[in-house]
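Bear in mind these aren't lab numbers, they're just calculated from the coordinates by the rules spelled out. If you're wondering where the values come from, they're calculated on a predicted model, not measured in any experiment. Using ideal geometry, Cβ is built from the backbone for each residue, glycine included, and neighbour counts are taken over all protein chains shown.
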Amino acid sequence: MAGRSDARPPSDPNKVPGSDADEGGESRRSFLLRLPAPLMAELRGWATQEVRSLNGQIEFLLREAVRARRKGSPEP
């Protein structure tokens, strides 16, 4: 296609190494999470059903849990 550029924008020189920013500009940090194999398999299957990466599914679930806690909903 004419006029279309697939080139990525230059990297930000002010970006902190080891962190990322999501679409909202929030700083993101990585860390190691150890899970039992059966739980990992369950989360991976759930992520596949929801068309998310495993990381995206875990982040989604954590965000939902925090949102529910802030609303004061009782834990199951």
### Query
Modelled label-to-label distance, ALA65 and ALA41, 7 Å Cα→beta-carbon offset: nm?
2.2
## Note on the structure
Volume per residue (Å³) of the convex hull spanned by the alpha carbons of segment 35-76 is 81
### Task
Could you check the simple spin-label distance between SER30 and GLN49, using points 7 Å along Cα→Cβ, in nm with one decimal?
2.9
